[in-house]
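Right, one structure below, let's go through it.
Just so it is clear, none of the values below were taken in a lab; they were calculated from the coordinates. Values in this document were obtained by computation on a predicted structure and should not be read as measured data. Note that each Cβ is placed from the backbone with ideal geometry, even for glycine, and that neighbours are counted across all protein chains shown.
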Amino acid sequence: MGMIYKRGRIWWMKYYRNGKPYRESSGSTKESDAKRLLRKREGEIAEGKLPGVYFDRVCFDELAEDYLVDFRINGKHIRRAELSLRHLQKDFEGFRVSTIDTPRIKSYIERRQNEGASNGTINRELTALKRMLNMGAQQTPPKVDRVPHISMLKEDNVRKGFFEHGDFLALREALPKHLKGFLTFAYKAGWRLGEISTLQWSQIDLEKGIVRLEPGETKNEEGRTIYLDEELKEIFRAQWEARGKADTALPWVFLNRKGTDRVKRFDKAWKSACKKAGIGIKLFHDLRRTAVRNMVRAGIPERVAMMISGHKTRSVFERYNIVSGADLELAAKRQEAYLSTQKGTISGTVSPLRVRK
């Protein structure tokens, strides 16, 4: 049986779980509040639960470290997780996990919106917070007794940037020589910038025309294999020949201007080439969206296109499968051509609409 007693003006409790004594302040000067909390603790223990005071000792910082450890031991990309935590720590660092509730989370959302963060960015941070709390609840023994409701924000998931083929050709012409092949591969394969810039010859089979990314080398942790078309085969052969002429044989496929390292940052050259090509300043990631759209337009099955570009879920793939004004115009022309061949059910062939002058 538990008991209550006073320390100064505050009522305290003493109770037992598995023979171990727990002492906890009720935080109140009222005896009735202490009795009520004691009954609650005894009820939790009777149900086989850990008493709430145990969870009150767990801080946000402890869950944050567990979250990062999970990323490290599973070989996940940790950079995005660390960025989300930096923002979450501004509001929750040092806080007891039991005090993190829905109103406090909404206050965090409001602060981030006032800072100009997009809904998508805030949702990534909320996802990290939810993951941390769920991990704490699933541990043995648990560190979290309840996970508060976290409402996600509505996102504008439509990506609008893409290259028309003329834009791509103009940009390729304007780029430095060492980036032309890099651009062409991105335009056709739809791979991410980091996946292309770190591509090594050990991942290439020139004889079969195959490029591989092994599991763990991609954002979604899944492996990927694509076959090169004739233009890309020629580009990779040229890169291989250039490698053979260099003083040092480097492992990367695409090298910088001097041939001393892999391609890394080329923001200045990119912006300059965009302006010279007269296409406005586009994002490199627009090439990924463009590749997806071109594959669908070419009649490649969507499942195959997803395997080439590395999209794991259909929902994300759909956000990249952009419909442009040209697509809509082509749809109208195809519908018009189709309708002109149809027979009317009453009066025979459909007659064109006559407009009075």
*Taking a 21 Å limit on the Cα-Cα distance, which of the listed pairs 90/154; 233/282; 180/275; 177/282; 130/154; 233/276 fall beyond it?*
90/154; 233/282; 233/276
*Per-residue HN-Hα couplings for the stretch 189-202 [Karplus 6.51, -1.76, 1.60; θ = phi - 60°; Hz; x = Gly/Pro]*: 8, x, 7, 6, 3, x, 5, 7, 5, 9, 4, 10, 5, 5
*What is the gain in length, in nm to one decimal, between residue 101 and residue 276 on full extension, counting 0.36 nm per residue of separation less the C-alpha to C-alpha distance?*
57.7 nm
*asked:* Assuming 0.36 nm per residue, please report the length gained on full extension of the stretch residue 89 to residue 164 beyond their Cα-Cα distance.
replied: 22.7 nm
_Fewest-first sequence of 140, 198 by Cβ atoms within 10 Å of each Cβ_ = 140, 198
*asked:* For Cα pairs less than 8 Å apart in space and 6+ apart in sequence, what is the mean separation divided by the residue count of the stretch 13-160, i.e. the relative contact order in percent?
replied: 21
*asked:* Please compute the modelled spin-label separation between residue 206 and residue 269, points set 7 Å along Cα→Cβ, answer in nm with one decimal.
replied: 2.1
*For the pair residue 124 and residue 250, what calculated FRET efficiency results from E = 1/(1 + (r/R0)^6), where r is the Cβ-Cβ distance and R0 = 30 Å, to the nearest 0.05?*
0.30
*Label-point separation, residue 341 to residue 76 (7 Å along Cα→Cβ), nm*: 5.2
*Using a Förster distance of 41 angstrom, determine the FRET efficiency expected from the C-beta separation of residue 149 and residue 261, and round it to 0.05.*
0.25
*Would you list 205, 286 from fewest to most Cβ contacts within 10 Å?*
205, 286
*For residue 3 and residue 139 in the same chain, what is the full-extension length gain: residue separation times 0.36 nm, less their Cα-Cα distance, in nm?*
45.9 nm
*asked:* Using a Förster radius of 22 Å, what is the FRET efficiency between residue 40 and residue 61 based on their Cβ-Cβ separation? Nearest 0.05, please.
replied: 0.25
*What list do you get for 69, 296 if you sort them by fewest beta carbons within 10 Å?*
69, 296
*Under 5 Å between amide H atoms, partner at least 5 residues away or on a different chain: which partners does residue 263 have, H built in plane at 1.01 Å?*
254, 255, 256
